[in-house]
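**Q** Below you'll find the structure I mean.
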Amino acid sequence: MISGRALHFVFKVADRTLTAKFYREVLGMQVLRHEEFSEGCEATCNGPYANRWSKTMVGYGPEDTHFVVELTYNYGITEYEMGNDFMGLTIQSSESLKRAAAMNWPIKEQAGVKYLEAPGGYRFYVIDKPQPVDKDPVVKVALASSNLAKSIEYWNGLLTLKIFNKTDKSVLLGFSEDQAKLELIDIGAPVNRAKAYGRIAFSVPFDQQPAIDQAIQRARGKILTPLISLDTPGKATVRVIILADPDDHEICFVDDESFRQLSQVDPKSDADLDKFIKADKSRAK
């Protein structure tokens, strides 16, 4: 059994200015850390790009205890084609709806559930109840599945995530009750990840990573990036392995020990993000 911890979901963003406004002023998330890189990531953290890029972690609290969002920005890339792979991220925060209304940010609705659309088209479904203070407001991330039985076999059977709820068309999975969950929804069609595809990340103890590697190899599953150590300037080095499920959803397993060091909240990050946004000329025509 894998003893994992749900960490974050990665979004590619084309407009850092508007994106920062949405997460900070509408959702009410904090900038937890901001990092700049001069060239592409060895584990394709920023997608198939070799250019300068940045990573901004935003959330409702420290990464040790909250599921957060990773915003990756590739300098010079002004748009990403959306696929049908990302179905939405659900939060509990009536406060965010009030802020959206006050700012005239569109509040939409689907099947009786209100949602806000982040720049780039990413949906945030909002449970219209007060934001909890004793637990993480992030409830779940939903991804598309072309074959629910195969998805369950992979995520529950191979990666050992527990099943918390299951219907004919969806399954809710996670490593423990107190963490944000992963929901897989059968769309009855092939999953198209297009260019805006993301990545979900979990941490596991360092000594469990080789076992994951071996299990995936035995099952002849996809390993996009074999075990590799990644450096972040001035911060901890973490070991990662990147997988792909039957629908090619990317999954990152980082070693928990190093990641806890890397992911400490940086008080300067909020100002750093603003500084780099202001200095960015790559979007100028």
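**Q** Please give the Cα centre distance for the range 1-68 versus the range 100-147, rounded to the nearest Å.
**A** Taking the Cα centre of the range 100-147 as reference, the centre of the range 1-68 is 18 Å away.
**Q** So which aspartates and glutamates pass the test for LYS162, namely a Cα distance under 14 Å, with those fewer than 8 places away in the same chain ruled out?
**A** GLU153, GLU177, ASP178, GLU183
**Q** Using a 10 angstrom cutoff on alpha carbons, build the Gaussian network for the chain and name the most mobile of GLY112, GLY157, GLY76.
**A** Result for the chain, Cα springs under 10 Å: GLY112 fluctuates most.
**Q** If you don't mind, another one. For MET103, MET57, MET87, what's the fewest-to-most ordering of other Cβ within 10 Å of each Cβ?
**A** Details: MET103 11, MET57 22, MET87 19.
So the ranking, lowest neighbour count to highest, is MET103, MET87, MET57.
**Q** Per residue and in cubic angstrom, what volume does the convex hull of the Cα atoms of the chain have?
**A** 131
**Q** Mind sorting SER176, SER145, SER54 by how few other Cβ atoms lie within 10 Å of their own Cβ, fewest first?
**A** So the ranking, lowest neighbour count to highest, is SER176, SER54, SER145.
**Q** Okay, moving on. Obtain the nm distance between the two label points defined at LYS278 and ASN165 by a simple spin-label model: each point lies 7 Å from its Cα along the Cα-to-C-beta direction.
**A** Placing both labels 7 Å along Cα→Cβ, they lie 4.5 nm apart.
**Q** For the range 1-122, divide the Cα radius of gyration by the Kirkwood radius and give the resulting Rg/Rh value with two decimals.
**A** That ratio equals 0.97.
**Q** Past 28 Å, Cα to Cα: identify those pairs from LYS150/LYS235; LYS55/LYS195; LYS222/LYS275; LYS140/LYS275; LYS114/LYS181, in the order given.
**A** LYS150/LYS235; LYS222/LYS275; LYS140/LYS275
**Q** Same structure, new question: Relative to the present Cα-Cα distance, how much length would full extension add between ASP213 and ALA149 at 0.36 nm per residue of separation?
**A** Additional length available on full extension: 20.8 nm.
**Q** Now for a different question. Who wins for biggest fluctuation among ASP207, ASP247, ASP231 in a Gaussian network model of the chain, springs between alpha carbons below 10 Å?
**A** Most flexible of the set in this elastic network: ASP207.
**Q** Let me ask another. Arranged by the count of other C-beta atoms within 10 angstrom, fewest first, what order do GLU70, GLU257, GLU177 take?
**A** So the residues, fewest neighbours to most, are GLU177, GLU257, GLU70.
**Q** Where in the range 57-76 does the label zone of GLU95 land, with the point 7 angstrom along Cα→C-beta and an amide N cut-off under 19 Å?
**A** 58-69
Values quoted throughout were computed directly from the atomic coordinates according to the rules given, and no laboratory measurement underlies them. Given the structure is predicted, the values throughout are model-derived calculations rather than measurements. Because the Cβ atoms are built from the backbone with ideal geometry, glycine has one as well, and the counts that use them run over all protein chains shown.
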